[in-house]
Amino acid sequence: IFAKWESKNRQLLANLKSWSEEDLNFYQLPHPLLGNLTVREMLLFTLHHNIHHMYDVQRLLDMQHE
């Protein structure tokens, strides 16, 4: 699962290189709970969401070693 996430993350970062700052703030994507977000907002939300899950995984790993 991590290898697939890492691959997709690399693809996302590579594709973002062609986006301008203006485009990141202009184009919007639908979020099921938050409504329309700019691409920049969606990227920041995704980062926050991924970090949240990383902490969950770390917590579960720590519980295994107790």
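The values are calculated or read from the model by the stated rules, or taken from the named source; none is laboratory data. Bear in mind the structure is a predicted one, so any value in this text is a computation, not a measurement. Here Cβ is always computed from backbone atoms with ideal geometry, including for glycine, and neighbour counts include all displayed protein chains. Just so you know, the surface numbers come from the protein's heavy atoms only, side chains and all, with ligands and any DNA or RNA stripped out. Shrake-Rupley method; radii C 1.70, N 1.55, O 1.52, S 1.80 Å.
Roughly how many Å² of residue 22 are accessible to a 1.4 Å probe, to the nearest 10?
The accessible area of residue 22 comes to roughly 130 Å².
Any idea of the accessible area per residue across the chain, 1.4 Å probe, to the nearest Å²?
90 Å²
Suppose R0 equals 25 Å. What FRET efficiency, 1/(1 + (r/R0)^6) with r the Cβ-Cβ distance, do residue 14 and residue 52 give to the nearest 0.05?
Details: r = 24 Å, r/R0 = 0.97.
In this case the efficiency is close to 0.55.
Considering only protein heavy atoms and a 1.4 Å probe, what is the carbon-and-sulfur percentage of the accessible area of the chain?
C and S fraction of accessible area: 62 percent.
Counting Lys and Arg as +1 and Asp and Glu as -1, each charge on the Cβ, what is the dipole of the chain about the Cα centre in debye, to the nearest 20?
220 debye
Round to the nearest 10 and give me the degree value, 0 to 90, for the angle of helix 2-16's Cα axis relative to the longest principal axis of the chain.
Here the helix axis deviates by roughly 20 degrees.
Scan the chain and report its longest stretch carrying no chymotrypsin sites (Phe, Trp or Tyr not before Pro) that are both in a DSSP loop and have at most 15 other Cβ atoms within 10 Å. All intermediate terms of the calculation are to be shown ahead of the outcome.
Numbers: sites that count: 19, 27.
Answer from the scan: 28-66.
Collect residues whose amide H, placed 1.01 Å from N in the peptide plane, falls under 5 Å from the amide H of residue 27; neighbours closer than 5 in sequence don't count.
Long-range HN contacts for residue 27: 39.
Roll a 1.4 Å probe over the protein heavy atoms and report the accessible area of residue 10 in Å², nearest 10.
140 Å²
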